Amino acid sequence: MSTVQIRDARKFYGAHPVLHGVDIDIADGEFVILVGPSGCGKSTLLRMVAGLESITGGTISIDGRVVNGLEPKDRDIAMVFQNYALYPQMTVAQNMGFALELAGTAKDEIKRKVDYAAGILGLEPLLQRKPAQLSGGQRQRVAMGRAIVRDPKVFLFDEPLSNLDAKLRVKMRAEIKALHQRLKTTIVYVTHDQIEAMTMADKIVVMQGGQIEQIGTPLDLYDHPKNMFVAGFLGSPAMNFLEGVVVGHEDSACLDLGDAGRVPLAGRVRQAAGKRVIVGIRPEAIAIADTGGIPAEVLVVEPTGSETHLAVRLGGQEIVVVLRSRVSLAAGERVCLSLETASFHVFDSDTGERLQDG
Ligand SMILES: Nc1ncnc2c1ncn2[C@@H]1O[C@H](COP(=O)(O)OP(=O)(O)OP(=O)(O)O)[C@@H](O)[C@H]1O
Ligand SMILES: [Mg+2]
């Protein structure tokens, strides 16, 4: 069993507040990813769990035991950093076994554990190399191996893939996920890459400005974002936001987009007519209409191979459309768009909070 419970965790650096009371429950074996913009406090929180940073207020418990006062070495946690922090003069095997050596583990036991981790990570042929003789991805694997040999209760990862090129990141992403499925150890993983979060996490914690915006499964957050921040943070290209005024009531309600006309909001919103709202529409929930639709002007056409991304102007507002097909369109052309109204997200234009139940 290795659960992590974070209760009202607060952090001040001097007089400067960085975390404003954070609550997270992490179940045994769960893969939890903290995401959020730069400076929102992800690393600080992770380092507080590791014991590398003091806790100004609240409690952090591992397996039900409050660890606030415990030294990092007594928390049974292994952390993998962005820069790997390998010892350059040591071989891969020595790097992986070093923590065990310091702990006074017997030599044959160290060898057994290093061989086990090397087997899992495909590092056997590289055990006698020095870090300088390895690729970025291999170094990353050694850093993970060093964590695995300690057989910790919890793994903490702080942006472990951010130094790798795009292709290697995708590969390592899959490797870390496979590693988790194999070891079933609790993982808390920090990234600001929302695709990493969507693809790897059991549960995502979206943070902003030292606070939690929302916690949920990746698809739950994608389909039911609680506010415009979460809606705009997850998804690439990002969700479009159109501003308009609600006209009519209940089943006859429409969103008046001004010049661009009206789109039906039937059943999507319980708001009085006249209210200004923001409707969020994912780029993939928009298509080119065969008949009818809302007129728009094409601004940019970006073929990615498998998809075509269009930037279009609709009324006075600019949005992005993702088409799963190839189209012969050019900037300046006029198109008509159909919007999948069933997948609209409706937000309060003052608070940014979601105005729907589901
Ligand atoms: N040792 C420190 N002393 C004072 N302020 C700090 C210290 N470490 C971090 N901060 C501040 O605390 C805030 C949170 O920093 P933190 O490193 O946790 O952000 P982050 O979410 O990990 O960002 P990034 O995505 O850029 O890594 C930032 O405003 C940062 O400037
Ligand atoms: Mg950080």
Ignoring ligands, DNA and RNA, what percent of the accessible area of the chain is carbon or sulfur (1.4 Å)?
50 percent
Which value, in Å², gives the accessible area per residue of the chain when a 1.4 Å probe is used on the protein heavy atoms?
46 Å²
What pairs from LYS73/LYS177; LYS42/LYS111; LYS107/LYS153; LYS130/LYS167; LYS73/LYS167; LYS111/LYS184 go past 31 Å between their alpha carbons?
LYS42/LYS111; LYS73/LYS167
Filtered hits (aspartates and glutamates, Cα-Cα < 15 Å from LYS113, offset >= 8 within chain) -> GLU101, GLU124, ASP151
How far apart, in nanometres, would the label points at LEU70 and ALA238 be if each is projected 7 angstrom from Cα along the Cα-to-Cβ direction?
3.9 nm
Do the sum for the chain: with -39,500 (n - 2.57) for every DSSP H run of n ≥ 4, divided by all residues, what is the mean residue ellipticity at 222 nm, to the nearest 500 deg cm²/dmol?
-7000 deg cm²/dmol
Under 18 Å from LYS226, Cα to Cα: lysines that are on another chain or at least 8 residues apart:
LYS203
Between the alpha carbon centres of the range 89-103 and the range 134-174 the gap in Å comes to 17 Å
Within the range 290-317, name every residue whose backbone N is under 12 Å away from a label modeled 7 Å from Cα of CYS336 along the Cβ vector.
290-296
Rounded to the nearest 0.05, FRET efficiency between VAL327 and THR291 (Cβ-Cβ, R0 25 Å) equals 0.90
Virtual spin-label span in nm between ASP151 and ARG7, 7 Å along Cα→Cβ:
3.1 nm
Using only the alpha carbons of the chain, what is the convex hull's orientation-averaged projected area in square nanometres?
21.7 nm²
Scoring the chain by relative contact order with C-alpha pairs under 8 Å, at least six apart, yields a percentage of 15 percent
Let's see if you can work this out: charge +1 on each Lys and Arg Cβ, -1 on each Asp and Glu Cβ, no other charges. What is the dipole magnitude of the range 283-358 about its Cα centre, in debye to the nearest 20?
320 debye
Rounded to the nearest 0.05, FRET efficiency between GLU353 and ASP115 (Cβ-Cβ, R0 56 Å) equals 0.55
Find the relative contact order for the range 237-348 and round it to a whole percent, using C-alpha pairs within less than 8 Å whose residues are 6+ positions apart.
29 percent
On full extension of the chain, what length is gained from TYR87 through ALA178, given 0.36 nm per residue of separation minus the C-alpha to C-alpha distance?
30.1 nm
Take GLU101 and VAL170, extend 7 Å from each Cα along the Cα→Cβ direction, and tell me the distance between the two endpoints in nm.
3.9 nm
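The values are calculated or read from the model by the stated rules, or taken from the named source; none is laboratory data. Not measured: the values here are computed from a predicted model. A quick note on method: Cβ atoms are made from the backbone with ideal geometry, for glycine too, and the neighbour counts reach across all protein chains shown. For the accessible areas, the whole protein counts, side chains as well, though only heavy atoms, and no ligand, DNA or RNA atoms are used. Shrake-Rupley method; radii C 1.70, N 1.55, O 1.52, S 1.80 Å.
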